[in-house]
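Engineer: Following this message is one structure expressed as structure tokens.
The values are calculated or read from the model by the stated rules, or taken from the named source; none is laboratory data. Keep in mind the model is a prediction, meaning the values are calculated, not measured. Don't worry about glycine lacking a Cβ; one is built from the backbone with ideal geometry, like all the others, and counts go over all protein chains shown.
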There are 2 protein chains.
Amino acid sequence: MKFYDCATAPSPRRVRIFLAEKGLTVPSVQVDLRNGEQFTPAFRALNPDCTVPVLALDSGAAITNVVAICRYLEELHPDPALMGRNAEERAIVESWLRRIEWDGLQAAQEAFRNAAPGLKDRALPGPLALEQIPALAERGRLRLQHFFAWLDVRLADNAFVCGPRFTIADIAAMMAVELSTRAKLEPPGHLVHLQRWYKDVSARPSAKA
Amino acid sequence: MKFYDCATAPSPRRVRIFLAEKGLTVPSVQVDLRNGEQFTPAFRALNPDCTVPVLALDSGAAITNVVAICRYLEELHPDPALMGRNAEERAIVESWLRRIEWDGLQAAQEAFRNAAPGLKDRALPGPLALEQIPALAERGRLRLQHFFAWLDVRLADNAFVCGPRFTIADIAAMMAVELSTRAKLEPPGHLVHLQRWYKDVSARPSAKA
């Protein structure tokens, strides 16, 4: 097994935190995104979508998506469960995870990538050069405010996003907050439940991964 | 168990096809999206995200996402497997599924919702009224052409998206093609492998669901 990582990118960081919560280590290599290594023929042969993370398996197969990699690791190493402990829990965790990916991570990515001066033709990750859309950056900022507000309500009565246990949904929400901070849109201080949760998850040893 | 459906919407259709492939029936109710039933207090109490499908469980929990609902049904009724038969297959299916959701379904949704005259303030599903962004419709159309091209290459050597077996990834890709057709962007005729696959999946009894 080999993990294709990039220390400065948010998507592989989600997998690194997941591994740290599991107490697992996997041999890894750094992909130099800043110098375009993801567009080289060697990397395209591994993942034609030109994105990290990738988990290359000994069978020759490559898992090319954050959550698919985490699910594979969860099946091989079920404890501690980070994606639910039975069918119903797994479905509820996935509902929250996907809502956070859509309302939080995607909104933060739209706000960041459509405005960052260094990403002029890189409004989306992947093989296509796509121009920034300023209106999409603005819409991302608006959606983020809505996301922070509902997450705060959810965390008023729950230690973590899915209840009393830390899950993969918390990792996605952490990344949404980190990306928002890069776009100078950190959650407002009056959302005290969100602030409490973010302090808690940031203090976990896995947050250093 | 109760399935909150809408006969004219693409997301619940993905679940209906999944159920038909499994040979399952679940009691269902129609949510009247055209008249805004998803914004009523009763529906918001079920799903604050104001979207269908929802699968309400006898435990009182609600699964509010297409793929989370399918995964729950797959765990309860594993045969025929539509999400992979072992950990590695499940991870590969999820990688393809998410790539299709991102490159295909999302692109088709952007092309359609940001241009349809009837969706002026409904550029995204969910509780927020968001204006259409014409540049995003244009970008969606461009991304769709890329999606069709890579899907055609994939289907040159594979009966279905993930290989010799029909999976949930085929259902997502079917929906991307159907939504593209609504945006008057059907796959070009020279992509013969994509055309062959679409004819095959459309001829399955489940496609009537």
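Engineer: Out of the residues in the range B:49-65 that are in contact with a Pro (Cβ under 6 Å, 6 or more places away or on another chain) and at pLDDT 95 or above, which is nearest to the other protein chains (Cβ to nearest Cβ)?
Structural biologist: Going through the qualifying residues, I end up with B:Pro53.
Engineer: Could you tell me which of the residues A:Phe18, A:Phe3 is within 23 Å of A:Ala176 (Cα to Cα), in contact (Cβ under 8 Å) with a residue 24 or more places away in the chain, of a type outside the set (Asp, Glu) and in a strand (DSSP E or B)?
Structural biologist: Of the residues listed, the single one that is within 23 Å of A:Ala176 (Cα to Cα), in contact (Cβ under 8 Å) with a residue 24 or more places away in the chain, of a type outside the set (Asp, Glu) and in a strand (DSSP E or B) is A:Phe3.
Engineer: Same structure again: Of all the residues that make up the range A:90-109, how many are out of contact with any helix residue (DSSP H, G or I) (no Cβ under 6 Å at 6 or more places or on another chain), without any contact (Cβ under 8 Å) to a residue 60 or more places away in the chain and more than 7 Å from chain B (Cβ to nearest Cβ)?
Structural biologist: Of the residues in the range A:90-109, 2 are out of contact with any helix residue (DSSP H, G or I) (no Cβ under 6 Å at 6 or more places or on another chain), without any contact (Cβ under 8 Å) to a residue 60 or more places away in the chain and more than 7 Å from chain B (Cβ to nearest Cβ).
Engineer: Go through (1) of a type in the set (Asp, Glu); (2) assigned to a loop (DSSP other than H, G, I, E, B); (3) closer than 21 Å to B:Val66 by Cβ and name the single condition A:Glu74 misses.
Structural biologist: Single failed check for A:Glu74: (2).
Engineer: Tally the residues that are of a type outside the set (S, T, N, Q), under 13 Å from B:Leu144 (Cα atoms) and without any contact (Cβ under 8 Å) to a residue 40 or more places away in the chain, restricting the search to the range B:178-209.
Structural biologist: 3
Engineer: Something else: Among the residues of the range A:120-132, are any part of a helix (DSSP H, G or I) and either more than 30 Å from A:Pro164 (Cβ to Cβ) or facing chain B (nearest Cβ under 8 Å) (or both)?
Structural biologist: If we filter the range A:120-132 for residues that are part of a helix (DSSP H, G or I), which is where we start, we get none.
Checked the range A:120-132: no residue is part of a helix (DSSP H, G or I) and either more than 30 Å from A:Pro164 (Cβ to Cβ) or facing chain B (nearest Cβ under 8 Å) (or both).
Engineer: Also, quick follow-up: What number of residues in the range B:22-36 are surrounded by fewer than 21 Cβ atoms within 10 Å (Cβ to Cβ) and in contact with a Phe, Trp or Tyr (Cβ under 9 Å, 6 or more places away or on another chain)? Break it down stepwise before answering.
Structural biologist: Our first condition is that a residue be surrounded by fewer than 21 Cβ atoms within 10 Å (Cβ to Cβ); within the range B:22-36, this holds for B:22-30, B:32-36.
Within this subset, residues satisfying the condition of being in contact with a Phe, Trp or Tyr (Cβ under 9 Å, 6 or more places away or on another chain) are B:24, B:26-30.
Residues flagged as surrounded by fewer than 21 Cβ atoms within 10 Å (Cβ to Cβ) and in contact with a Phe, Trp or Tyr (Cβ under 9 Å, 6 or more places away or on another chain) within the range B:22-36 amount to 6.
Engineer: Restrict the check to the range B:71-88 and report whether at least one residue is closer than 20 Å to B:Thr8 by Cα, in contact with a strand residue (DSSP E or B) (Cβ under 8 Å, 6 or more places away or on another chain) and modelled with pLDDT of 95 or more.
Structural biologist: Scanning the range B:71-88 turns up no residue that is closer than 20 Å to B:Thr8 by Cα, in contact with a strand residue (DSSP E or B) (Cβ under 8 Å, 6 or more places away or on another chain) and modelled with pLDDT of 95 or more.
Engineer: I'd like to check something: does the range B:136-147 contain any residue that is in contact with a strand residue (DSSP E or B) (Cβ under 9 Å, 6 or more places away or on another chain), more than 19 Å from B:Ala20 (Cα to Cα) and away from chain A (no Cβ under 14 Å)? Steps first, answer last, please.
Structural biologist: First, pick out the residues of the range B:136-147 that are in contact with a strand residue (DSSP E or B) (Cβ under 9 Å, 6 or more places away or on another chain): B:139, B:142-143.
Filter once more, so that each one left must be more than 19 Å from B:Ala20 (Cα to Cα): B:139, B:142-143.
Filter once more, so that each one left must be away from chain A (no Cβ under 14 Å): none.
Within the range B:136-147, none of the residues are in contact with a strand residue (DSSP E or B) (Cβ under 9 Å, 6 or more places away or on another chain), more than 19 Å from B:Ala20 (Cα to Cα) and away from chain A (no Cβ under 14 Å).
Engineer: Quick check: anything in the range A:39-48 more than 14 Å from chain B (Cβ to nearest Cβ) and in contact (Cβ under 8 Å) with a residue 12 or more places away in the chain?
Structural biologist: Applying the first criterion (more than 14 Å from chain B (Cβ to nearest Cβ)) to the range A:39-48 yields A:39-43.
Next, from what is left, pick out any that are in contact (Cβ under 8 Å) with a residue 12 or more places away in the chain: A:39, A:43.
Yes: one or more hits.
Engineer: Find the residue count for the range B:170-199, including only residues that are out of contact with any strand residue (DSSP E or B) (no Cβ under 8 Å at 6 or more places or on another chain), assigned to a helix (DSSP H, G or I) and not aromatic (Phe, Trp, Tyr).
Structural biologist: Total satisfying the criteria: 18.
Engineer: Kindly check whether there is at least one residue in the range B:19-34 that is facing chain A (nearest Cβ under 9 Å), touching a Ser or Thr at 6+ places or on another chain (Cβ under 8 Å) and under 29 Å from B:Arg139 (Cβ atoms).
Structural biologist: Kept after step one, since they are facing chain A (nearest Cβ under 9 Å), are these residues of the range B:19-34: none.
No - not one qualifying residue is present in the range B:19-34.
Engineer: Restricted to the range A:145-169, and to residues that are part of a loop (DSSP other than H, G, I, E, B) and within 19 Å of the chain's Cα centre (by Cα), which residue is surrounded by the fewest Cβ atoms within 10 Å (Cβ to Cβ)? Talk me through it step by step, then tell me what you get.
Structural biologist: Going through the range A:145-169, the residues part of a loop (DSSP other than H, G, I, E, B) turn out to be A:157-159, A:161-162, A:164-167.
Applying the additional criterion that residues be within 19 Å of the chain's Cα centre (by Cα) yields A:161-162, A:165-167.
Working: A:Val161: 25, A:Cys162: 23, A:Arg165: 17, A:Phe166: 19, A:Thr167: 25.
Step by step, filter the range A:145-169, then rank; the result is A:Arg165.
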